Amino acid sequence: AQSQEDLFNMIIKGIRDEAKIATENLLQEKAPLDIVNQYIVPALDFVGERYEKGDLFLPQLIQSAETVKSAFEVIKKKLKENAHSDISNGKILLATVKGDIHDIGKNIVKVLLENYNYEIIDLGRDVPKEKIVEEVVKNKIKLVGLSALMTTTVKNMEETIEALKKMDPECIVMVGGAVLNPEYAEMIKADYYAKDAKDAVAIAKNILG
Ligand code: B1M
């Protein structure tokens with residue numbers, strides 16, 4: 001069995017292939033989301049802090065992010081095996097806002113929502129508000145999920161919410177991302193704040209059933 005040290009350290013060091021195997025082994029004994037919360041998020045927080053302090057540089061941050069992506073591919077496969085049923089509970093549009101290329105968190109949220117049978121329209125990252133509004137109209141979306149990870153892009157999130165509400169005051173917006181908190185979410189006029197993927201599912205259930 002793998003110890004917590006292993007996957008955590010592999011992400012920090014950016015060793016991809018081994019991280020994949022470690023994840024497969026961990027899945028024998030742990031639930032997919034527990035691996036995300038106990039290993040992946042803490043490891044990314046750790047490299048993020050070291051990067052901020054200047055103890056570690058961008059190439060290493062990228063290596064760690066790539067390692068997480070390959071570990072998450074394994075987790076995603078497992079989650080898909082456990083999917084609940086084929087009937088869609090409704091559509092949700094997801095995007096990381098303009099100027100922001102962080103998408104690991106959004107992708108985790110996406111997989112979990114899909115697992116609960118929501119149909120996800122994923123616009124990806126660095127998405128301008130105009131594109132988000134256009135796709136919401138085109139796909140008749142009731143619930144939009146926006147992600148932002150940087151203090152500088154929260155402004156774009158606010159502007160996106162403003163544009164969505166202007167287009168349709170009934171459009172419901174949930175927001176998430178490490179830079180946010182419930183107070184901040186309220187300030188930028190989001191309807192809901194999701195602290196993690198489980199929260200996002202609870203909100204979706206509340207809105208779409
Ligand atoms: Co960057 N980065 N990064 N980065 N990065 C942060 C965010 C930073 C805090 C690091 C730091 O300095 N401590 C910092 C921002 C500082 C600030 O704004 N104050 C930072 C910076 C500065 C940058 C660059 C500018 C660096 C540079 O180029 N000089 C650059 C940004 C470029 C840009 O966006 N324009 C950059 C680039 C990168 C990488 C490409 C190397 C990589 C991203 C790879 C990718 O996403 N594809 C990266 C990473 C990995 C991080 C950290 C280390 C980890 C982020 C992450 O994935 N966390 C991050 C530090 C940190 O957060 N600790 C950092 C794990 C993820 C699961 O959490 O996204 O919060 P999170 O998602 C959670 C919840 O928040 C919630 O559910 C998820 C699952 O629990 N959630 C939602 C998220 N979105 C949701 C949406 C919802 C609902 C819930 O509704 C839809």
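Residue 35 sits among other residues whose Cβ lies under 13 Å from its own Cβ, and their net charge, with Lys and Arg +1 and Asp and Glu -1, is 0. Relative contact order for the chain: 17 percent, from Cα pairs under 8 Å spaced at least 6 residues apart, divided by residue count. Calculate the FRET efficiency for residue 207 and residue 58 from the Cβ-Cβ distance with a Förster distance of 45 Å, rounded to the nearest 0.05. Efficiency at R0 = 45 Å is approximately 0.75.
What number comes out for the charge environment of residue 140, summing +1 per Lys or Arg and -1 per Asp or Glu over other residues with Cβ under 11 Å away? Here the count lands on +1. Centre-to-centre, using Cα atoms only, the stretch 24-91 and the stretch 168-195 are separated by 23 Å.
Across the stretch 122-135, coupling constants 3J(HN,Hα) worked out from phi with the 6.51/-1.76/1.60 Karplus curve, θ = phi - 60°, read 9, 8, x, 10, 6, 9, x, 4, 4, 5, 5, 4, 4, 6 Hz, and Gly and Pro carry x. Computed extension length for residue 142-residue 162: 5.7 nm, one decimal, from 0.36 nm per residue of separation with the Cα-Cα distance subtracted.
What pairs in 80/140; 77/106; 20/91; 69/131 have C-alpha atoms more than 20 Å from each other? Over 20 Å apart, Cα to Cα: 80/140; 20/91; 69/131.
Measuring nothing but how far apart in sequence close Cα pairs (under 8 Å, 6+ apart) lie, relative to its length, the stretch 1-107 scores a relative contact order of 32 percent. In this label model, residue 170 and residue 18 are separated by 5.5 nm, measuring between points 7 Å along each Cα→Cβ vector. In the chain, helical runs assigned H by DSSP with n ≥ 4 each contribute -39500 (n - 2.57); averaged across all residues and rounded to the nearest 500, the mean residue ellipticity at 222 nm is -17500 deg cm²/dmol.
Students often get this wrong: which residues of the stretch 165-201 have the backbone nitrogen under 15 Å from the point 7 angstrom along Cα-to-C-beta of residue 65? Under cut-off, by backbone N: 178-179.
Using only the Cα atoms of the stretch 133-203, build the gyration tensor, take square roots of its eigenvalues as a ≥ b ≥ c, and label the shape rounded, prolate or oblate: rounded if a/c is under 1.5, else prolate if a/b is larger than b/c, else oblate. Judged from the Cα gyration tensor, the stretch 133-203 comes out oblate (a/c at least 1.5, b/c at or above a/b). The H on the amide N of residue 119, modeled in the peptide plane, is under 5 Å from the matching H of 89, 90, 91, 92, each at least 5 residues off or on a different chain.
Return P(r) of the chain (all Cα-Cα pairs; 5 Å bins starting at 0; whole %; ordered from short to long distances). Bin by bin from 0 Å, the calculated values are 1, 7, 15, 18, 19, 15, 12, 8, 3, 1, 0.
Coordinate-derived values only; no laboratory data. Predicted, not measured: the structure shown is a model, and the values here were computed from it. Heads up, the Cβs are rebuilt from the backbone with ideal geometry, glycines too, and the neighbour counts pull from every protein chain shown.
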